[in-house]
1. Can you tell me which residues in region 126-148 are in a helix (DSSP H, G or I) and β-branched (V, I, T)?
2. Against the condition modelled with pLDDT under 80 and polar (S, T, N, Q), how does S22 come out, does it pass?
3. If I filter region 170-184 for residues that are open to solvent by less than 20 Å² (accessible area, probe 1.4 Å) and either out of contact with any Phe, Trp or Tyr (no Cβ under 8 Å at 6 or more places or on another chain) or under 20 Å from V222 (Cβ atoms) (or both), do I get at least one hit?
4. Return the pairs, sorted by first residue and then second, in which the second residue is part of a loop (DSSP other than H, G, I, E, B), the first residue lies in region 122-147 and is under 14 Å from Q102 (Cβ atoms), the beta carbons are less than 7 Å apart, and the residues are 6+ apart or on different chains.
5. Six or more apart or on different chains, Cβ under 6 Å: which pairs go from a residue in region 213-224 that's more than 18 Å from K67 (Cα to Cα) to one that's hydroxyl-bearing (S, T, Y)? Could you list them?
6. If I146 satisfies all but one of (1) surrounded by fewer than 19 Cβ atoms within 10 Å (Cβ to Cβ); (2) closer than 21 Å to H58 by Cα, what's the number of the condition it fails?
Amino acid sequence: MNWIFRFYKLLFSILVLLSFSSCLSSPEKTGAFSENEKGESSSKKQPDSSMEQKGKLHPVYVTNSKKISLLSPSSMEGEKTCLQCLEGSFAQKTFSLLCYLQLDSKGIFVSLMNEFGSGMGELSFDGSSVSFSSSVFPKNLKAEYIVSDFQFAYYKARDLEETFSKAGLKFVENQEEICGIEGVAEVRRIFEDQKCEKCIEKIVKQGKVIIIENYLRNYSYVLTEEE
């Protein structure tokens, strides 16, 4: 009976992931693009994308109107290779999967797996292009948004601060004590403007745990390194 429960848990996670993916692939619903781009999208018929995406990098809309370009892999300090448990939530629904992660000065590689160890997708970013292949996620999922969250969590704070400042946004990094987390955590926040009045996203890093909360898109996930 245990395997039946795990199967239905996996099926539910996939359904939630599909819903979450639409947040990153349907600008008409999420405001991920400017009004001009909305008009272009509605007036021009877009060709179907293949299961494997690779090509020109698209901007990442941090708000409905402010965008940034992905940073160069050179903004990664050192390297990171680990297996993580990813537990996420979107619109009050939860999902979980395993994530094999490699980050260094050459780029980002992510392999997603379910709890049975079966592959659910692979993503790679080398600074000039991003590719994403999956038999589970929608074909039009914008992989740049996945890459951006990893960059926000792992890339050099000074490079992120400069990138956000050029877009009229504010990036702040502090050392803070967070309720429920032992010790002092590194906390990164992205604000809608230079006044720091409205926080868009918060990243908390402590030990082997990273917590990402996006208040604008209404999603969050916890990345925990496996032993």
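1. I146, V147
2. On the way: modelled with pLDDT under 80: yes; polar (S, T, N, Q): yes.
Taking the combined requirement at face value, the residue satisfies it.
3. The answer is no, given that none of the residues of region 170-184 is open to solvent by less than 20 Å² (accessible area, probe 1.4 Å) and either out of contact with any Phe, Trp or Tyr (no Cβ under 8 Å at 6 or more places or on another chain) or under 20 Å from V222 (Cβ atoms) (or both).
4. Between residues of region 122-147 that are under 14 Å from Q102 (Cβ atoms) and residues that are part of a loop (DSSP other than H, G, I, E, B), the close pairs are D126/K106; V147/L70.
5. Close Cβ pairs satisfying both conditions: E213/S220; S220/S89.
6. With respect to (1) surrounded by fewer than 19 Cβ atoms within 10 Å (Cβ to Cβ); (2) closer than 21 Å to H58 by Cα, I146 is out only on (1).
The values are calculated or read from the model by the stated rules, or taken from the named source; none is laboratory data. Just so you know, these numbers come straight off a predicted model, no measurement behind them. With ideal geometry, Cβ positions are generated from the backbone for all residues, glycine too; neighbour counts draw on all protein chains shown. Protein only, heavy atoms only, side chains kept; ligands, DNA and RNA dropped before computing areas. Shrake-Rupley method; radii C 1.70, N 1.55, O 1.52, S 1.80 Å.
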